[in-house]
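Worksheet: the structure to be examined is printed underneath.
The values are calculated or read from the model by the stated rules, or taken from the named source; none is laboratory data. Keep in mind that this is a model prediction, so the values were computed, not measured. Here Cβ is always computed from backbone atoms with ideal geometry, including for glycine, and neighbour counts include all displayed protein chains. Heads up: the accessible areas ignore ligands, DNA and RNA and are worked out on the full protein's heavy atoms, side chains in. Shrake-Rupley method; radii C 1.70, N 1.55, O 1.52, S 1.80 Å.
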Amino acid sequence: MARDISIPHDMPCEFTEMVKMRDGTSLATDIYLPESGHCGPVLIERTPYNRKGVSGSEMCLASGVALTRVELARWFCARGYGVVMQDVRGRHGSEGIFSKYINEAEDGFDSYAWIVEQPWCDGRICSMGLSYGGHTQLAAACATAPGLSGMFLDTGGLLNAYEHSVRYGGAFELKQLTWAFKHARQYAIDQGDMVAVTHFESLDLTQEVLKADWKRGKSPLAVVPEYEAYLLDLWEQETAPVEWLGAATCAERWFDRMPDVPVFLLGSWNDPYAQSMNILYEEMKRRFTSPVQLLMGPWLHGRRNQSYAGTADFGAAATLNKLTGRSFPELRLAWFDFALGKTETPWQDENVYFEMGGGDWSWNERGHLDVSGRWLSKVTTQASPEEQVFRLDENDVLQAQTRVSSTGGTPQVHSLTMTPDDPFRTIGGAITSGAPIMEGGMFLYPGTGNPESPFNRPDILVFETAPLSEDMLICGTPLLNCQACSDAEDFDLAVFLFEKRQGPDDFSALNITDGIQRARFADPERNGLALSPGEEVKIEVRLMTTAYRLKKGGQLLVLMTGGNFPRFDVNTGTGRSVPTETGSWKPEISVKIRDIGLKIQTQEGVPLFHFL
């Protein structure tokens, strides 16, 4: 797809409409048609990131330059489709106030209803878009938007925003803060407010999160009040308010309203939406008679044609283009043609996923680590995945068991002390919108022989298996269960899984996946009520969904600690969140943990030899 060859400079028929929503607000909507008088199916993308702007995920491999949405629309238009690109409410050319996420169901419905009434639409609409563009797609579908005939949902869709986008395990996702700062700064630039721009550029954001006053009107975002209000509305509200249970932000409550149409789900393991993409597949497959296809790669968010995530490289075959033998626009075109009955078969009948791991951990010329991996066909006939449970033996070694059983005797109790002012630092993982304070992906960390190693911190517990006698597969959502209490009114338990390999002088370890649970949210019926010091709670830490193979001779290493900052906000130990804290943070939090058990799923796939 060469940028200057296959994309027309303009189409015969392009125009802009201000489309009125039910409350009178009008949204800027660009329409691209193959020719005057055209009537046919329409593709739509609804975005907060400028309907005419560059989409960083639309990388054109022939030129190495990202396409604009104008160019992408013209590309589809030249192949017979009408295309609609729309700014969501309150963004760029659209009227109204931008309230992140919550208007997308109603606005999506109204936009689709307007499109199907136009003379250039034959009543059929297919949706597309990444991330927020995925959120707008799923919101419209859950609102039963008229005309919806197919979807290509790329790494997005809010099953329950308060469980996997705003918060995770009760801890606040600081990607909401980095997103707010990025767009507040851009807003200040657009408004010519150089005082605000200079203010943002002077900040050390990591330190601001830890040290700043986050009261309204005093926070580092106060110079752009709209974005301060957006962030603090989310951060202060620790449980989902009623308006966040609607179709736009809690799709799991609205699945039964979704139209039964062909859906392609594209996701990736080093992405915060990995679990939700798999849940979406299961829910749609159970309800729909139309084809639903899932493809899971190893990539970072939207980076489907990069073979690496962090420093981990999965090999040239790991990219989407290499797998499918076509560009990303061509893959979507093939799916839309299939969904609308233009072709009889999709690109691939099977669900496909990438199993990471198995490499020799050598460094290549680009400074990336050979982690390797392979494409597999997802097993769909198995009633449920196999599971392994690991518990600690008398020597604190993780041992696999076929089932959980009571061992009797005195339970092992492990102590952990954390300091809120110096939380355990984020080490990678399934992160998006983290710049400039955190980076997603997988990284190789040195062992305890290196003074800078995270394994030398005093606020951690580390457990590991014996060297593996055969490869070990983790394919699914690991769960760590335990009983815990502390001397504070709240605490966090963060859990990281690593593959550990021993070298001649020291070990090294690669992060695989992680999760966190805030103790006062461990039992949903508590509704976030502060704990009493010494009160024991049952905790289940849900780690990010993954597919990774640990190599024979290596070890599975589990690291437990009291935080994952700056991916998540700091637990103050007071039972209150950072922006609502009225006093001092607890200087130290001491936690006692017992009955630790780790459950992993180990479902084998079928190698796709014809792709490699």
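With the gyration tensor restricted to C-alpha atoms of the stretch 73-160, the semi-axes of the equivalent ellipsoid amount to 20, 15, 14 Å, longest first.
Given their separation in residues at 0.36 nm each and the Cα-Cα distance between them, T448 and E236 gain 72.5 nm when the chain is fully extended.
Within the chain, DSSP assigns beta bridges of which about 70% are antiparallel (rounded to the nearest 5). Computed over all pairs of different Cα atoms, the Kirkwood value for the hydrodynamic radius of the stretch 295-376 is 13.7 Å.
Summed over the residues of the chain and divided among them, the accessible surface reaches 39 Å² per residue at a probe radius of 1.4 Å.
Normalised Debye scattering of the stretch 439-529 at q = 0.11 Å⁻¹ gives log10 I(q)/I(0) of -0.44, counting only Cα atoms as equal scatterers and leaving out solvent. If one takes the longest principal axis of the Cα atoms in the chain, at what angle in degrees, from 0 to 90 and to the nearest 10, does the Cα axis of helix 328-339 lie? That helix lies at roughly 70 degrees to the long axis.
Label-to-label distance, R287 versus S362, with points set 7 angstrom from Cα along the beta-carbon direction: 5.0 nm.
Can you give the FRET efficiency for K599 and D506, using 1/(1 + (r/R0)^6), R0 = 45 Å, r = Cβ-Cβ distance, to the nearest 0.05?
So the FRET efficiency works out to roughly 0.90.
Between E387 and R257, the simple label model (points 7 Å from Cα in the Cβ direction) yields a spacing of 3.3 nm. Each Lys or Arg adds one and each Asp or Glu takes one away; over the other residues whose Cβ falls under 15 Å from the Cβ of G108, this sums to +1.
Taken about its Cα centre, the chain carries a charge dipole of roughly 640 debye when the Cβ of each Lys and Arg holds +1 and the Cβ of each Asp and Glu holds -1. Compared with the direct C-alpha span, the chain from S584 to D422 gains 56.9 nm at full extension, assuming 0.36 nm per residue. Backbone amide hydrogens, once placed in the peptide plane, bring F507 within less than 5 Å of G447, T448, G449, excluding anything fewer than 5 places away on its chain. Ranking C13, C142 from most to least accessible surface, computed with a 1.4 Å probe over the protein chains only, gives C13, C142.
If R0 is taken as 51 Å, the Cβ-Cβ distance between N321 and Q412 corresponds to a FRET efficiency of 0.55. Extending 7 Å from Cα along the Cβ direction at D204 and again at L245 yields two label points whose distance is 4.4 nm. The stretch 541-612 and the stretch 283-319 have Cα centres separated by 22 Å. Distance from the C-alpha centroid of the stretch 95-114 to that of the stretch 172-219: 26 Å, rounded to the whole angstrom. Quick one: grab the alpha carbon gyration tensor of the stretch 256-404, order the square roots of its eigenvalues as a ≥ b ≥ c, and give me rounded if a/c is under 1.5, else prolate or oblate depending on whether a/b is larger than b/c. It comes out oblate by the Cα gyration axes. Taking each of K175/K211; K285/K599; K215/K592; K285/K551; K538/K599; K175/K285 in turn, the alpha-carbon distance tops 21 angstrom for K285/K599; K215/K592; K285/K551; K175/K285.
Quick one: net charge of T136's neighbours, Cβ under 15 Å, K/R +1, D/E -1? For residues surrounding T136, the net value is -1. Other residues whose C-beta falls under 13 angstrom from the C-beta of G297 contribute a net charge of +2, scoring Lys and Arg +1 and Asp and Glu -1.
Counted over the stretch 513-612 with a bin width of 10 Å, the fraction of Cα pairs per bin, in whole percents, is 10, 36, 28, 15, 8, 3, 0. On C-alpha positions alone, give me the angle between the axis of helix 104-116 and the longest principal axis of the chain, in degrees, nearest 10. Once rounded, one gets 20 degrees.
Which percent of the accessible heavy-atom area of the chain goes to carbon and sulfur, probe 1.4 angstrom? Answer for the chain: carbon and sulfur cover 48 percent of the accessible area. What percent of all Cα-Cα pairs in the chain falls into each 20 Å bin, going from 0 up to the bin containing the maximum distance? Each 20 Å bin holds this share of Cα pairs: 19, 53, 26, 2, 0. Once the Cα atoms of helix 274-287 and of the chain are each reduced to a long axis, what angle between those two axes, in degrees from 0 to 90 to the nearest 10, is obtained? Between helix and principal axis, roughly 60 degrees.
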